[in-house]
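Notes to accompany the following structure.
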Amino acid sequence: MARIQLKDLRKSYAGQEVIHGITMDIENGEFVVIVGPSGCGKSTLLRMVAGLEGITSGTISIGDRVVNDLEPRQRDIAMVFQNYALYPHMSVRENMAYGLKIARMSKDEIDQRVAKAATMLELEPYLDRKPRALSGGQRQRVAMGRALVREPAAFLLDEPLSNLDAKLRVQMRLQIKDLHQRTGQTTLYVTHDQVEAMTLADRLIVMNKGVAEQIATPHEVYTTPASEFVAGFIGSPAMNIFTVQAEKGMAILPGGHRLPLAALPASGQVRLGLRPEDLEIVDAGVPSIPVVLRSVEWLGADAFGYGVIDGSEERVTLRLAGSTAAARGDRIHVAPPEGRWHLFSADTGKRL
């Protein structure tokens, strides 16, 4: 395993900058997830580290080496792709061993490494099968095994679970996390799925239009998002964000409703963020936000309420207890507990 250092990394196509000066140190054995919407530059960033994309400026170091000018095979990394990229005419054993044969490793060493990886990934019963005889989850494990046998300095994974169904994704997430804990390999992982990102990562790089909006632990990203974009992207259901007018410690919400909030600016417009789970039902006489429910989705232990702030068309999402009696058309009052709100600049979107 090895440390990966990115220093002011930039990428341009035809004069248009698409990666804007990303700097980060990924420590030995750390699992870092690059997350963001489609087109934000996350796969481009990963491919730059892998050597599959050239860089316009900046420095990439893996271990103690600057690798800017090295070919992918010289960087001591292993990459797992979304489409598995298995050889259909080879068995699982042959797929996993192929890279080691190309490297002219001894047969005994190859056999030992393949057997070790197959045990870790529970692939022993399938070693003599061809890829067409495997399920999607098994093929993905073979692709990971092929990377694992190389014992590289770092793993790079580009949306490896996106072709799997929901149940298999959960199973493979657990296997990837378990595998990382056992091997301690430095890992850089790309996904658009925030659940994957939050559950797998030691730290996140939240990308938006080629910019690293926030680099922090999942807990920090969730509790103290650095920008309105991060706040709206991380969390399910998404955070409610409204434009409010600050006036003497009061936030004047859409519909003219007033909510006392500490740390508000003396005046002016701000963006107020309230997570669905932080809006609690309160009595009508308490300073609160009146919400008219338009639908309630029951999910078992939880329910989601969707409505609008009374007197406006501003939409609100609430997380309710599964035992709730609330129904479409009800008017309820909600308010956040002390300190459970987020304020962002109306001009820049940055956290206040």
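The values are calculated or read from the model by the stated rules, or taken from the named source; none is laboratory data. On a predicted model such as this, the values are computed, not experimentally measured, just so you know. So basically every Cβ, Gly included, is an ideal-geometry build from the backbone, and we count neighbours across all protein chains shown. Note: areas computed on protein heavy atoms with side chains; ligands, DNA, RNA excluded. Shrake-Rupley method; radii C 1.70, N 1.55, O 1.52, S 1.80 Å.
Condition check: in a strand (DSSP E or B) and surrounded by fewer than 19 Cβ atoms within 10 Å (Cβ to Cβ). Does residue 11 satisfy that? Steps first, answer last, please.
Working: in a strand (DSSP E or B): yes; surrounded by fewer than 19 Cβ atoms within 10 Å (Cβ to Cβ): no.
Here the answer is no, as residue 11 does not meet what is asked.
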query: Checking residue 48 against (1) outside any loop (DSSP other than H, G, I, E, B); (2) more than 20 Å from residue 148 (Cβ to Cβ); (3) open to solvent by 50 Å² or more (accessible area, probe 1.4 Å), which single condition isn't satisfied?
result: (3)
Those residues of region 184-236 which are open to solvent by 20 Å² or more (accessible area, probe 1.4 Å), assigned to a helix (DSSP H, G or I), in contact (Cβ under 8 Å) with a residue 40 or more places away in the chain and touching a Phe, Trp or Tyr at 6+ places or on another chain (Cβ under 9 Å), in sequence order: 194, 228
statement: Expected output for region 58-78 (first residue polar (S, T, N, Q), partner in a strand (DSSP E or B) and surrounded by fewer than 16 Cβ atoms within 10 Å (Cβ to Cβ), Cβ below 7 Å, 6+ apart or cross-chain) is 59/7; 59/66; 68/59
task: Go through (1) on the phi < 0 side of the Ramachandran plot; (2) part of a loop (DSSP other than H, G, I, E, B) and name the single condition residue 151 misses.
output: (1)
query: Residue check: is residue 259 part of a strand (DSSP E or B), more than 30 Å from residue 41 (Cβ to Cβ), open to solvent by less than 60 Å² (accessible area, probe 1.4 Å) and modelled with pLDDT under 95?
result: yes
- request: Just need a number here: residues in region 275-313 that are surrounded by 16 or more Cβ atoms within 10 Å (Cβ to Cβ), within 25 Å of the chain's Cα centre (by Cα) and aliphatic (A, V, I, L, M).
  value: 2
task: Could you tell me which numbered condition residue 40 fails, if it satisfies all but one of (1) in contact (Cβ under 8 Å) with a residue 60 or more places away in the chain; (2) in contact with a Gly (Cβ under 9 Å, 6 or more places away or on another chain); (3) in a helix (DSSP H, G or I)?
output: (3)
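May I ask you to list the residues in region 320-340 that are crowded, with 16+ Cβ neighbours inside 10 Å and in contact with a helix residue (DSSP H, G or I) (Cβ under 7 Å, 6 or more places away or on another chain)?
336
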